[in-house]
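Heads up: the structure comes next, in structure tokens.
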Amino acid sequence: MNNPATPPGPPTPAAGVPARMPTWFIPHGAGPCFFMDWSPPDAWSRTATFLKGVAATLPLRPSAIVLVSAHWLEPVIGVTSGAQPALIYDYHGFPAHTYTLRYDAPGSPELAARIGALMGQYGQAVQAVQAVQAHPGRGFDHGMFIPLMLMFPDADIPVVQLSLRSDLDPQAHLQAGQALTALRDEGVLIVGSGMSFHNMRGYGDPRFGPISDEFDQWLRDAVQSGPDQRQQLLVDWAQAPSARLSHPVRAEEHLLPLMVVAGAAGQDAGRHVFSDRVLETTLSAFRFG
């Protein structure tokens, strides 16, 4: 079940052909889990090693990062538009030092504005409403800064964070990603930060091991299907085996970042690149392109 901690890199682009950034769906762990003691001590070690290895697989250094966090929901998709967003320590009951973690990456008001324009144009083209709300005062939540502290520890790449829509509509999130596809040809890395299994009652319960395995296998097959079939399967994800035991009703926000990055993948292939067994459950990562 476990794969190598560092996924294989992409082929080298042909001479004169601009490199297109892949899109990623990553597990962001439990709160600040990578920066504190855990029991057992190595519970998150493989996932941490995996996240540290992502940057080395990219075709070039990102010009910017667009990160979709499971921890931000708005009536319409929100985008951080400040030049230097603060951090939001939106976890509770963890050691005091985890509330002093720093990740001082710059924002990008220009990229935020471009995202709004792209979504508006896409919405008009397909007659779908893709309103975007800029949030100049909104900070980066832990779904952003915890994994990026491992992936890009220098914090020197501009980051814009996207929210999910609070209606949790998978089709709308796929369409949001489709609107952003052009950014990949501009060196922008699009990352979905969530968890492939997220049922708080299931973590640490051995009975949920087979449940998470069943849904994870379905998810792997869906991601690795042809693009059109992949999209339909992801829209209908709640019909999958063990789907609602893996992501309870109205609590599927940790899966929906996958829809955005799958939409941004366009016709590019998707593949499963990493799994780990943590808290008695299987957690996976996926790459497109």
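The values are calculated or read from the model by the stated rules, or taken from the named source; none is laboratory data. Remember, predicted model here, so these are calculated numbers, not experimental data. So basically every Cβ, Gly included, is an ideal-geometry build from the backbone, and we count neighbours across all protein chains shown. In case anyone asks, the SASA skips ligands and DNA or RNA and just uses the protein heavy atoms, side chains included. Shrake-Rupley method; radii C 1.70, N 1.55, O 1.52, S 1.80 Å.
See the values below:
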{"item": "Stretchable slack from Ser39 to Asp185, in nm (0.36 nm times residue separation minus alpha-carbon distance)", "result": "48.3 nm"}
{"item": "Hydrodynamic radius by Kirkwood, which averages 1/r over all alpha carbon pairs of region 39-125, in angstrom", "result": "16.5 Å"}
{"item": "Residues in region 133-154 reached by a label modelled at Gln84 [backbone nitrogen below 11 Å; 7 Å Cα→Cβ]", "result": "none"}
{"item": "Cut-off under 5 Å, modelled amide H: who pairs with Gly82 long-range", "result": "Arg138"}
{"item": "Axial C-alpha extent at least 18 Å, average Kyte-Doolittle at least -0.5 - helices from the chain (DSSP)", "result": "109-125, 208-223"}
{"item": "Carbon/sulfur fraction of accessible area - region 67-222, other protein chains in place, 1.4 Å, %", "result": "56 percent"}
{"item": "Two-decimal log10 I(q)/I(0) for region 89-131, as the Debye equation yields it once each C-alpha is a single scatterer, q = 0.14, 0.24, 0.27, 0.31 Å⁻¹", "result": "-0.59, -0.80, -0.90, -1.01"}
{"item": "Compactness index (Cα Rg / 2.2 N^0.38 Å), region 237-289", "result": "1.24"}
{"item": "Residues listed by number, region 180-210, amide nitrogen under 20 Å from Ala19 label point at 7 Å toward C-beta", "result": "181-192"}
{"item": "Kirkwood-type radius of the chain, with distances r between different C-alpha atoms, in Å", "result": "18.9 Å"}
{"item": "Region 272-289 - phi-based ³J(HN,Hα) in whole Hz, Karplus 6.51/-1.76/1.60, Gly and Pro as x", "result": "7, 10, 6, 9, 9, 9, 10, 6, 6, 10, 8, 10, 10, 10, 9, 10, 10, x"}
{"item": "Relative packing of 221-233, 94-106, 167-179, which averages over residues the other C-beta atoms within 10 Å, highest first", "result": "167-179, 221-233, 94-106"}
{"item": "Two-decimal Rg/Rh across region 50-194, once Rg and the Kirkwood Rh are taken from alpha-carbon atoms", "result": "0.96"}
{"item": "Along principal axes, Cα extents of region 127-226, largest first, whole Å", "result": "43, 39, 26"}
{"item": "Convex hull projection area averaged over all views, region 45-88, Cα basis, nm²", "result": "5.0 nm²"}
{"item": "Region 208-267: equivalent-ellipsoid semi-axes (sqrt of 5 x gyration tensor eigenvalues, Cα, Å)", "result": "20, 13, 9"}
{"item": "Ratio Rg/Rh [Cα only; Rh per Kirkwood] for region 186-289", "result": "0.96"}
{"item": "Net lengthening on full extension, Ala134/Asp169 (0.36 nm per residue, minus Cα-Cα)", "result": "10.6 nm"}
{"item": "Dimensions (Å) - region 84-161, Cα atoms, principal axes, largest first", "result": "48, 27, 22"}
{"item": "5 angstrom amide H check on Trp72, placed H, neighbours 5+ away", "result": "Leu164"}
{"item": "Among 49-56, 263-270, the order from most to least packed when residues are scored by Cβ within 10 Å on average", "result": "263-270, 49-56"}
{"item": "Where Rh is the Kirkwood radius over Cα pairs, Rg/Rh for region 175-222", "result": "1.17"}
